[in-house]
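S.K.: Dropping a structure here in structure tokens format, bear with me for questions.
The values are calculated or read from the model by the stated rules, or taken from the named source; none is laboratory data. The shown structure was predicted, so the numbers you read here are calculated from the model rather than taken from an experiment. Note that we place each Cβ from the backbone using ideal geometry, even for glycine, and neighbour counts take in every protein chain shown. These area figures cover heavy atoms from the full protein model, side chains too; ligands, DNA and RNA do not enter into them. Shrake-Rupley method; radii C 1.70, N 1.55, O 1.52, S 1.80 Å.
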Amino acid sequence: MEMEILTQEHSRSTSHIIEVYKELGEYERHFNRIQSVYRAFVTTWFTGTFAGIAFLYSSDFGGDLPISRETTCALIALAGGTGITLLWLLDFFVYHRLLLAVIDVAQALEAGSRQYLPKLREGFAQRTRKLNVRTALSIFYAVPTVLLCVSALLFSLHPSAVPQRVVLWVWTGVLFALGCVKPLSTIRPRVCQVVLVCGLPGTGKTRAASILSEVKGLQHLSSDVIRKELGLSGRYCDTARESVYEEMLMRAAASIENKRSVVLDATFDRSDRREQVKMMANRHFVPLQVVEIICPNEDIVAQRLSERKGDDSEASFPTYQRMKVDFQRITEPHVIIDNSGTEENLREWLMKLV
């Protein structure tokens, strides 16, 4: 049977999704403008620092200072380099990360609304795949910082700067290490994500989650495994299921805090449980991808459930029928995968998905 990936919009109208998409674009432009201002300010700061040094040497200013002119020039160079380094760190570790977070959310929205949203971010990612943007921008900040550090070092070698030489050298070393070695050695921070794989028993959601875990390196959190670990095997009452979902959310939040992406494998038959996952992802500023695995052919479902051996799941075909009646329709943007075919087909579609 031919497999399809369908994007469904229910309670959220198309116009609402487009408005959210536009707002994300405004956030992107906002953070881009801030970063552009910072980088323009770095250029001005750099030239201003050398202008101040040149003014000090071309005039009698500073002749009556308690420290030598060379020491004063070294201090000016180090002050300029320190200012550039602080702008560098604020740009990269605050605004650049906020920009990446907005881009990831917008990209996830594009992936979930492929019918009418352009895949701009995916196109940008493909075009810049071989370009290390962070390294290129680091060079922009590193060059003036290194030049100012070298200038300060040269000024500190003058005999008149001997009393302050140790302080100048320590300051230069700290500035060089903080402003150059650390950012240049830092690659783009790995942006975590949460993939929610839901569906009825026997549809193959656990296998889909396992494939994502294996290929994409996501931590696989399975409700069946958690149920056994909590000593709730065979118990599918509301209280037991609530305990399982709460434990799963706690483990997912801990993984995200440790910078590791997760794939959640459970029925997620109720909308409030899916909303809890969404709220958890929003609290940690990570994108959420909802994937529903279906299998319209119930004969295949019954066969899969009957052939299970050594599986963590204890669901039977009657369990499937009962959950099918209680399954609450997914209203948020999500992707549906018909898993009536082979595992190779499932793997192929999952590789295109996340």
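S.K.: Put a dot 7 Å past each Cα toward the Cβ at S233 and V143; how far apart are the dots in nm?
M.R.: 6.6
S.K.: For region 19-78, what is the accessible area per residue in Å², given a 1.4 Å probe and the full set of protein chains?
M.R.: Averaged over the residues of region 19-78, the accessible area is 59 Å².
S.K.: Still on this structure: Give me the net charge for the shell around S160: Cβ to Cβ below 9 angstrom, other residues only, Lys and Arg +1, Asp and Glu -1.
M.R.: For residues surrounding S160, the net value is 0.
S.K.: Still on this structure, please answer the following. Using R₀ = 51 Å, calculate the FRET efficiency as 1/(1 + (r/R₀)^6) where r is the Cβ-Cβ separation of R322 and L89; round to 0.05. Show your work: numbers first, answer last.
M.R.: Details: r = 56 Å, r/R0 = 1.09.
Calculated transfer efficiency: 0.35.
S.K.: Give the peptides 278-289, 256-267 in descending order of average Cβ contacts within 10 Å, highest first.
M.R.: So the order, starting with the most tightly packed, is 256-267, 278-289.
S.K.: What is the set of long-range amide H partners of H334 at a cut-off below 5 Å, with H atoms built 1.01 Å from backbone N?
M.R.: Distant-sequence amide H within range of H334: Q8.
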